[in-house]
1. Determine, from the Cβ-Cβ distance of Arg52 and Glu4 and an R0 of 51 Å, the FRET efficiency 1/(1 + (r/R0)^6), rounded to the nearest 0.05.
2. Provide the per-residue ³J(HN,Hα) series for the stretch 170-180, in order, calculated from phi with Karplus coefficients 6.51, -1.76, 1.60 and θ = phi - 60°, each as a whole number of Hz, with x at glycine and proline positions.
3. Under a point spin-label approximation (7 Å from Cα along Cα-to-Cβ), what is the Thr604-Lys109 distance to one decimal in nm?
4. Which of rounded, prolate or oblate describes the stretch 92-242 when judged by the alpha-carbon gyration tensor and an a/c cut-off of 1.5?
5. HN-Hα J couplings of the stretch 415-427 from phi, Karplus 6.51/-1.76/1.60, θ = phi - 60°, integer Hz, Gly and Pro as x?
6. What is the Cα centroid distance between the stretch 616-663 and the stretch 770-806, reported in whole angstrom?
7. Please compute the contact order of the chain in relative form: average sequence separation of alpha-carbon pairs under 8 Å and at least six residues apart, divided by the residue count, as a percent.
8. I need the shape label for the stretch 286-391. Rule: rounded when a/c is under 1.5, else prolate if a/b > b/c, else oblate, with a, b, c from the alpha carbon gyration tensor.
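Since every read-out is calculated from the coordinates, none of them should be taken as a lab result. These figures come from a predicted structure and were not determined experimentally. Here the Cβ positions follow ideal geometry from the backbone for every residue, glycine too, while neighbour counts run over all protein chains shown.
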Amino acid sequence: MSTEDEKLLKEAKKLPWDERLQHKNWKVRNDANIDLAALCDSITDPKDARLREFGPLFKKAVSDSNAPVQEKALDALLAFQRAADADVSRYAKEVCDAICAKCLTGRPKTVEKAQAAFLLWVELEASEVFLESMEKAVKNKVAKAVVPAIDVMFQALSEFGAKVVPPKKILKMLPELFDHPDQNVRASSKGLTLELCRWIGKEPVKSILFEKMRDTMKKELEAELANVSGIAKPTRKIRSEQEKELEEEAVPETTGASTSEVAVPDAPMEIDEYDLVDPVDILTPLEKSGFWDGVKATKWSERRDAVAELTKLASTKKIAPGDFNEVSRTLKKLVTDVNLAVAVEATQAIGNLAKGLRTHFSGNSRNLLPVLLEKLKEKKPTMSEALTQTLEAMHKSGCIALLDVIEDVRVAVKNKVPLVRSLTLNWVAFCIETSNKATVLKLHKEYVPICMECLNDSTPDVRDSSFSVLTAIAKMVGMKPLERSLEKLDDVRKKKLSDMIGSATDTVLSSGTVPTSSSGAATSAREVTDSSTMRRSAASMLSGKKPIHAAAPAKKSGPAKSTAKKTDGGPQSKASAAPEIEDVEPSEMSLEEIEERLNSVVKTETISQLKSTVWKERLEAIGMLKQDVENLTELDKSAELLVRLLCAVPGWNEKNVQVQQQVIEVITYIASTVKKFPKRCVVLCLLGISERVADIKTRAPAMKCLTAFCEAVGPGFVFERLYKIMKEHKNPKVLSEGILWMVSAVEDFGTSNLKLKDIIDFCKDTGLQSSAAATRNSTIKLIGMLHKFVGPDIKGFLSDVKPALLSALDAEYEKNPFEGCCCSSEKNS
């Protein structure tokens, strides 16, 4: 460092912190961040007044345009966060937004430190602010910024758990990410989904997300879900919990026993799916559906259809609260409708409203209960089943508490119809079994006398149901509440009740011990796994990036077998197993890392020339690289790195046609020469190659390259990836010329390795629907070529196509008569 720099830095140290951090000289800013980090590290009191002074400085500091200074600013921020307590979370929003805007596309170290800062904000109890920033980050147009955002959400959830990091906001972000054009983003979003399954269960995640996914994504996730096992436990605590833990450690040993006892039941937190979804307004669409006119209709079918519309609307997981009084009054009348179908539909509608509104439907539920209990006299199985389900739903949803409906139950158990009496008691038994101990302790005084009276009923079913209620009470709160009542019973009934209570208690004990031990084992196993394997990215959850169980890859083994056929016979059985765990989504790799790893294969001068702004130098460099690649004896080891290098420099944005052609030729040579060409390489190249197919100057080598990919990994994989690229590309020639290549590919490879439904759907929904005549003509040729292998059966899939297109298709069928399911000479020779 020169004397002038030393003097400048010395003078700058006298300036206030904000001036030093915003100084025009980057060395001053860098030095200020280093000093700030050291000072924060020296602070031991989280209430130190200086921390409040530093808080507002970081918004601008982490946005520094100089990369090394920005990294030092993040170091200072991390030191500040470690020194402070939850009070500084007031600065979280502005700092998180600045990090999202400026740090997530930086150098790998910068990104890593940015993620660490996000996690410390979560630790400082600013998880809501963190997730709000992530909502903005995942909408970034640059995929490179989206992947770290998903990864840090994954890390936060994995480390802190769903209690600290609310899954609801993450679930809202995911559907958009599933259809992201970037492969890495999709892979990371899948990994985050799998992590969510560990915390809130597979079923809630599937019911909320699967309806918003494409079929292919569903299949991939279904296969991955088989690998999700064990119980998720937080590995990191928020700052207030850490402080509490330290206080407890400081308490004398005498109180230690009680503390440890409290901490024992560390079971996974149960999350209600109801809390994860947004409420849906059903009153407005109900009004528009003609419900009110329909329920007054004289025809039973019109009444049933009107109520069915309500049942359908109310089947949503969470209903927005509103005025449902009139709806309830109407349903109360319809439950007693003379037509059974109408009555059943009305009962089901009540059950759906109870599930969707929960406590917001309490008042209406109490008004409806007497009618529903009275209706239990109906012997028809459809009605009986609907009533049982609705009554159980009303209790489980919290609409009805047994303490509040004692009088309704008393009336029902005195009903002259025995079926009403027995089924009412069955419902009471269910409610007690699904209640907690505290609730049963409050209500047993009211319900035990009711049951004792019913034990004298003349109908055996009523007596049995009464025994069931008493057994449920004893099972929840023990025998003490029943002792005085048992004295009044004769020996036969006393013995029967004792036997039922005894067997129920034995069942509880025997079933209670096994799950505890097994869950404990699962937990400890998970802890071992988590401690030994530090997952830093969401994509690491996918089966291709970690050891997987035998059950999961079975679905993926199909394409693996067909791909295997093309290689030499001897070692085939070993090679065919590899695709089962092959990760097709390419991970992030910087150009620096690629250059470093190719150091012994490609000359540094060649790479420097590939980066040149002079096209002649780039052309010379690609020629030299081509020679180097052709002379390599062990090309397999460097294949993926070489493809990554060419995708980065000169890259797919290369303007010079000659350079473009040479790049494509090198990639084609690699794909057709190596023993095993990774699918990741195909994914890396496919968008660029498809754009070259659209250009007449590079079309021939690009089509040859796509054919080489098909030979290497199978046409099924290439076609599947091309559908989405071609459908969404803004250049119509990418679609029309891409389909023309597909015609030649089908002719070369046949249809045995293609999913016919997918290709026909693509032709119908995209190719034939295109406004461009060239695309429609290409699609007609493709369908004609499919006819050559599939035969007349293909016409059945296209019966709904416009007549003008059908006549053009018929003409194409004549040019390509059915020859049987013969496969290509290229693929299967």
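1. 0.90
2. For the stretch 170-180, the Karplus-derived couplings read 5, 4, 5, 6, 4, x, 5, 6, 4, 9, 5 Hz, x marking Gly and Pro.
3. Placing both labels 7 Å along Cα→Cβ, they lie 1.9 nm apart.
4. Because a/c hits 1.5 or more and a/b fails to exceed b/c, the stretch 92-242 counts as oblate.
5. So the Karplus estimates, Gly and Pro as x, are 4, 6, 8, x, 4, 5, 5, 5, 6, 5, 5, 4, 5 Hz.
6. When both Cα centres are located, 39 Å separates them.
7. Rounded, it is 7 percent for the chain.
8. oblate
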